[in-house]
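One structure is given here, and the rest of the page talks about it.
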Protein chains: 2
Amino acid sequence: MNALIILAHGSRRQESNEEIVVLTRDVKNYSSDEYDIIEYAYLELAEPNLLQCIDNIIIDGASSITIFPYFLNSGNHVTRDIPAIIETATARHPDCQFDVSTFIGNHKDMPKLILELASLK
Amino acid sequence: MNALIILAHGSRRQESNEEIVVLTRDVKNYSSDEYDIIEYAYLELAEPNLLQCIDNIIIDGASSITIFPYFLNSGNHVTRDIPAIIETATARHPDCQFDVSTFIGNHKDMPKLILELASLK
């Protein structure tokens, strides 16, 4: 089964974490049948963390997991922390295929989205 | 003159700050004539900060400034810190019109963008 994990930073502020729950629901509603499982995880400050999420969805049958970094910049979290966690996950689940997508800030349409929202102010 | 400031968090990592410079250039290239001035600023850890940027573009002739929070969540930075800075800026420049846009994570197309990038992995 194919799975997608939307990985956010995580916050001490519960409302911010809740936005990721809503986003994940919206992604599920928007997607067609590319993924059998779509879940969220947090890198820090909130649960489930990425390893917990991976363990859970492998129990549910995931055999190929795409991790989507919901980050705006290619900072240390994206370049160092996420790859380190995936290395651990790969050692723990050698039969599962792991892929890490590029981060959201890298989408070519960001300028368009910025101008659209700015014009609504 | 109408101005747009793309306001990012700012990072200790120079490459991350540089991505905002490139993004701002892309927004300039993408925009038509809505804004006479398009600049970037950082909330923390890098310069120019928001007040410095506002002071500079008012010297350049800005009379209406839209601040665009390049943040994924409605955390304390968006709900508390940015409004506090705008309050200071308004007191300092009472003749300038300030507007704060919603944050990038609030764009309705985020699910679409996530699925597009995830499919490229």
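Every number here is computed from the coordinates shown, using simple stated rules; none is lab data. Just so we're clear, the structure is a prediction, and the values are computed from it rather than from any experiment. In this analysis, Cβ positions are derived from the backbone assuming ideal geometry, glycine residues included, and neighbour counts consider all displayed protein chains.
Dividing the convex hull volume of the alpha carbon atoms of the protein assembly as shown by its residue count, what do you get in Å³ per residue? Numbers along the way, then the final one.
Numbers: hull volume 27.6 nm³, N = 242.
Given the Cα convex hull of the protein assembly as shown, per-residue volume reads 114 Å³.
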How tilted is helix A:14-30 with respect to the longest principal axis of chain A? Cα atoms for both, answer in degrees (0 to 90, nearest 10). 80
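Over the range A:2-120, what lengths in whole Å, largest first, do the semi-axes of the equivalent ellipsoid take, defined as the square roots of 5 times the eigenvalues of the alpha-carbon gyration tensor? Provide the component values of the computation, followed by the final result.
On the way: eigenvalues 118, 53, 44 Å².
Semi-axes from the Cα gyration tensor: 24, 16, 15 Å.
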Along the axis that rotates chain A into chain B, which residue of chain A has the nearest beta-carbon, and what is the gap in whole Å? A:LEU72, 3
Taking the label point 7 Å from Cα in the Cβ direction, how far apart in nm is B:ASP95 from each other copy of itself, listed shortest first? 7.4
Report the label-to-label distance for A:LEU51 and B:ASP81 in nanometres (one decimal), using points 7 Å from each Cα along the Cα→Cβ vector. 2.9
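Add -39500 (n - 2.57) for each DSSP H run of 4 or more in chain B, then divide by its residues: what number comes out at 222 nm, to the nearest 500 deg cm²/dmol? Mind showing how you got there, number by number?
Values: 4 runs with 49 residues, N = 121.
So the calculated ellipticity at 222 nm is -12500 deg cm²/dmol.
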Can you pull out the GluC sites (Glu not before Pro) in the range A:28-121 whose DSSP state is coil and whose Cβ has at most 15 other Cβ atoms within 10 Å? A:GLU34, A:GLU44
Between A:SER32 and A:ARG12, the two model label points (7 Å from Cα along the beta-carbon direction) sit apart by a distance in nm of 4.5
